[in-house]
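First comes the structure, then the notes that go with it.
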Amino acid sequence: MSFDHGIPAPTPKSRIHGSLLGGAMGDALGYAVESDSIPGIRERVGARGPAVFEELPGPWHFSDATQLTLYTVDGLVEALEWANSGVGADVNACLWLAYLRWLATQGEDAGHAAPAPQPRWIDGNGVLRQRRHPDQDCITGLATGEMGTSVRPVNPGANGAGTVMRSAPFGLVPHITPDAVYKLSADAAALTHGHPAARQSAGIFSLLIHRLASGEGLRDAAAGVTAHAATLTNVAPRLPERLEAGLRLAEKAIVDPGELLQVLGEGRSAEEALAVALYAVIATLPADQADAQPAAHFRDALAVAVNHGGAGGTAGSLAGNILGALYGEDCLPAEWLVALEAPEVIRGMADQAGDGYDRRRLMLLQASQTSSGMTPRRCRNPKMVHPRQNPAKASSDAATTRMPRSVQAAGAAPAANRSRAAVETAAPIPWAKRLGGPGTSFAFPSRGVITLTESSAKGEIRGPKSSRSQNPTAMAASPHPEFATAVTTASSTTSAAVTRAAYSLTGLGKANREAMTQE
């Protein structure tokens, strides 16, 4: 979109509000007619166009697509809050905990193995606690109580549209690279959907939003992400095929819903839903993008997306996200805003996102997005300072940080078979083991925190040793004398971090940042 004729480009805040509100509008319109038969939808919408939407009784209820989109925003905001406090967060863990809170609002249980996240502002909004035909793959994936990853995803065969419908917020985060946007989105998709097409479709959709929010034109952005999809490693072939088919079909302008259904499908899989939304927004765009009227384009595109004869709510939600990111709030029809359910909740989450995203110094999230997922790129393990939990207390209690400060040799001693570690080590609670909490150490990729339990002077036999058990000991067997050591430790109390899995290997924490500046 080229903003000529003296029209200023939308502000980042306007794009965030426009994308979230626009997605909710498209979701609500599709949700309102999804119970109708295909002939019934065409009779209500197809013949009269978007004007019929004004006649729908208000308020327009949105579905789980908007609920999960807002919980995605909340997970990203929580990661920013931890960064603001000096603790680099595991972003995907924050998102998982946010989705678990949504799962609880739907009356579902993730089981005793899953953590019990602390409530946040978003949980107190009754409209988000209502069950609106939630995506079953999202329910079953979260109900396992396991945190899926791109390496070990849950629901390996799930390829529904539940990933793309919640992924617009990743593209609205500024100051991070496109690669980081894709990775954040695809990793979050693995929390519920294991099929490669579902994860890749979510990442490509987030990249499209990112390009539009950065000021790129609609046709250029759509062509760019379609070309990029074909270059993905181990790409699911149906993804680039569907996207290319959607762009070719859009060149014909608006086609009959039957042809759309035949070429692109019903939009129930992730790649089909994205292709239908792309077709809807491009087919209704004037040949000269500068001549587009934002509100008129928004109305026409949503009418096409909802009226295609398949999953109209999902396609409408994606189309609304796309146009809101392109035009900002200017494209939102005022009368539709009045009819939309709980716009203040959506605006409240958009404000939180805008306030957090405006802090550029917090937006170093890409530093945590490495090829292995969470292995530090900028820190060396001896300088890592991490909270440690007490297994005898609730995980919401404050944690304690301990780090060896000095080591002194105490002279020769007879050979020892066992010696106690100098720093007390606490065993992690069960779910922390899976998340890679303090006191755990796994093989590559590293998800645990290596805690120094003993350090020795140069030339000595013992330490450092990583702790993996509740009662670690340093073992040594030698016919030669062994030097004993005295370790001086320093302790400090941090804010509660275990419950929200806010343990970082990124180097963003205060202590780590100070350590790096001393190099």
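Some observations on this one:
- Of all residues in region 273-296, those that are in contact (Cβ under 8 Å) with a residue 40 or more places away in the chain have Cβ atoms under 8 Å from Cβ atoms of residues that are of a type in the set (D, E, K, R), 6 or more apart or on another chain, in 274/242; 282/219; 285/219; 289/219; 290/4.
- Long-range neighbours under 7 Å by Cβ, at least six apart or interchain, first residue at positive phi within region 336-347, second modelled with pLDDT under 95 and assigned to a helix (DSSP H, G or I): 342/127
- Hits in region 102-129 (condition: open to solvent by 60 Å² or more (accessible area, probe 1.4 Å), in a loop (DSSP other than H, G, I, E, B) and closer than 25 Å to residue 81 by Cα): 116, 119
- Unique residue being surrounded by fewer than 20 Cβ atoms within 10 Å (Cβ to Cβ) and farther than 24 Å from residue 287 by Cα when the list is 263, 235, 255: 235
- When residues of region 5-27 are limited to those that are open to solvent by less than 70 Å² (accessible area, probe 1.4 Å) and not in a helix (DSSP H, G or I), the one modelled with the lowest pLDDT: 9
- Just one residue in the set 229, 190, 213 is within 24 Å of residue 304 (Cα to Cα) and touching a residue at least 24 places away in the same chain (Cβ under 8 Å); that residue is 213.
- Per-region count, region 192-242, residues touching a strand residue (DSSP E or B) at 6+ places or on another chain (Cβ under 8 Å) and of a type in the set (A, V, I, L, M): 2
- Screening region 210-232 for residues that are more than 24 Å from the chain's Cα centre (by Cα) and closer than 16 Å to residue 171 by Cβ and picking the one that is surrounded by the most Cβ atoms within 10 Å (Cβ to Cβ) gives 217.
- Listed conditions (1) touching a strand residue (DSSP E or B) at 6+ places or on another chain (Cβ under 9 Å); (2) in contact (Cβ under 8 Å) with a residue 40 or more places away in the chain are all met by residue 83, apart from (1).
- Number of positions in region 269-293 that are open to solvent by less than 10 Å² (accessible area, probe 1.4 Å) and not aliphatic (A, V, I, L, M): 2
- Residue that is farthest from residue 262 (Cα to Cα), among those in region 297-311 that are among the hydrophobic types (A, V, I, L, M, F, W, C) and in contact with a Pro (Cβ under 8 Å, 6 or more places away or on another chain): 298
- Some residue of region 164-182 being open to solvent by 10 Å² or more (accessible area, probe 1.4 Å) and free of Cβ contacts under 8 Å to residues at least 60 places away in the same chain: yes
- For region 75-93, the set of residues classified as buried (at least 24 other Cβ atoms within 10 Å of the Cβ), in a helix (DSSP H, G or I) and not aliphatic (A, V, I, L, M) consists of 75, 78, 82, 92, listed by residue number.
- For region 142-155, the criterion of being part of a helix (DSSP H, G or I) and either open to solvent by 10 Å² or more (accessible area, probe 1.4 Å) or of a type in the set (Ser, Thr, Tyr) (or both) is met by at least one residue.
- Among the residues of region 234-289, those identified as charged (D, E, K, R) and within 30 Å of the chain's Cα centre (by Cα) are 238, 241, 242, 244, 266, 268, 271, 272.
The values are calculated or read from the model by the stated rules, or taken from the named source; none is laboratory data. Note that the structure is predicted; figures quoted are calculated from it, not measured. Note: ideal-geometry Cβ built from the backbone for every residue, glycine included; neighbour counts use all protein chains shown. Calculation scope for accessible area: heavy atoms of the full protein, side chains included, ligands and nucleic acids excluded. Shrake-Rupley method; radii C 1.70, N 1.55, O 1.52, S 1.80 Å.
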